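Here's the structure we're looking at; comments come further down.
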Amino acid sequence: MDMLGPSLWDVWNNNSHSMSVEMVACIAIEAISILEKMHSKGYVHGDVKPENFLLGPPGTLQEKKLFLVDLGLATKWKDTGTGELVEYDQRPDVFRGTVRYASVHAHLGRTGSRRDDLESLAYTLVFLLRGRLPWQGYQGENKGFLVCKKKMATSPESLCCFCPQPFRQFVEYVVNLKFDEEPNYAKCISLFDGIVGPNPDIRPINTDGAQKLIYQVGQKRGRFMMEEDDDDQPKKKIRMGMPATQWVSVYNARRPMKQRYHYNVADGRLAQHISKGNEDGLFISSVASCSNLWALIMDAGTGFTSQVYELSPYFLHKEWIMEQWEKNFYITALAGANNGSSLVVMSRGTQYAQQSYKVGDSFPFKWINKKWKEGFYVTAMATAGSRWAVVVSRNAGFVDQLWSLTSCIQVREFTGVGIMVIASLLLLLHGTRQHLS
């Protein structure tokens, strides 16, 4: 094995925790080129970070050459024989990478692809330039979840607020890439090619490896804007750093049915709306919360024979729920508020034969897997602050179920599945298993 020089982390650490803009731009150019070569072979690195980029041995002709090492987490993104993409999957209980630099998709347990290496590179570049990332400092067993949540809440503008514009453009581009999308490496390089000096011989990092991609850029140097691609329509951007505080209403075509919808309801007015609905023969079919206000849907087609509810300061009120279970009521709707309170609706006349629920500070995927094996299916879920509540039921009428942890709500089409429950950052679908992209 050839001996190499210091890592980029060593260089950064020995230089008073800083690097010049030109040096980081040179690193960006060469690193993008290295990743393009690796991706062209059908592999993704899976652990891009400053510690895994090394310079050549000091005092040699390669002392300014950049190398990418440690392929221990490398995986295939396509079948090198057929050229087809690997099968997309999501396993939230499996994390591969380094928490500080991992992509959001890696945190969510999604199959690795080219976009993940580039997102990790983006975090690496910002770290080398700014000396710190906004999600550093979290500790404890829930560290990975908190870091992922912070990454999703941090916009490219906020992350790169003290960086030259090309860094923000690069971050914005890579976090919006799709699972199977081929990155435009040449255009990414063109962003940084305008920052570095015109003479390659005196650049702090050797960029000879990127010359082929730089040549492809040609006369477009410094003029490329990531917001618009030459061949595609402008894409809808995600991860803008703005909390989703709006109501999302979904309407389905069906036979005429008496239905009532209330939203932005304060605690004190819940009883009034529910009582009036009950008098008109309506039962609660769905509840939600936003900014400590409630939304509820009441209709005449639920099939329920009676119903009770509780607005509780607890998330959830175990004693009350168990008392209702003994009276043959089952949880049919559930919501949690930012202040930690909950609204639980329990009904008679459901098809359910047995129920169980779990409350915790992280999504209980292992518990759900266990309950699936016991014949339960998820029928309700909610969040309150950073806490999750998931309800599972026997005799739910489903044949299969899968979940998708996601950073945003997007319009997607599925064959044989339908979204049944949504809470915070998770979609749960029932039907036959399909792949998400």
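Would you mind pulling out the separation of the Cα centroids of region 30-79 and region 81-145, in Å?
For region 30-79 versus region 81-145, the Cα centre distance is 16 Å.
Quick one: which of 85-96, 111-122 comes out on top by average Cβ neighbours within 10 Å, and what's the full order, highest first?
Highest to lowest by the protection proxy: 111-122, 85-96.
Roughly how compact is region 95-146, stated as its Cα Rg over 2.2 N^0.38 Å to two decimals?
Ratio of Cα Rg to 2.2 N^0.38 Å: 1.13.
Give me the net charge of ARG387's neighbourhood, meaning all other residues with Cβ under 15 Å from the Cβ of ARG387; Lys, Arg count +1, Asp, Glu -1.
So the environment of ARG387 carries a net charge of +1.
Show the residues, 5+ positions off or on another chain, whose built amide H is closer than 5 Å to the amide H of GLN401.
GLY431
For region 8-220, restrict the atom set to alpha-carbon positions and state the Rg and Dmax in Å.
16.7, 50
Just round it to a whole percent: the fraction of Cα-Cα distances in region 42-115 exceeding 14 Å.
Roughly 66 percent, once rounded to a whole number.
DSSP loop GluC sites (Glu not before Pro) in region 36-71 with at most 11 other Cβ atoms within 10 Å of their Cβ, which ones?
Answer in residue order: no site qualifies.
With respect to the cross-link table entries LYS149/LYS178; LYS78/LYS358; LYS327/LYS373; LYS76/LYS150, which display a Cα-Cα separation exceeding 30 Å?
LYS78/LYS358
For ALA396, what charge total do you get from the other residues with a beta carbon under 13 Å from its beta carbon, if Lys and Arg give +1 and Asp and Glu give -1?
My count for the surroundings of ALA396 gives 0.
No lab work stands behind these numbers, since they all come straight from the coordinates. Just so it is clear, the model here is predicted, and its values are computed rather than measured. Ideal geometry is used to build each Cβ from the backbone, glycine not excepted, and the neighbour counts take in all protein chains shown.
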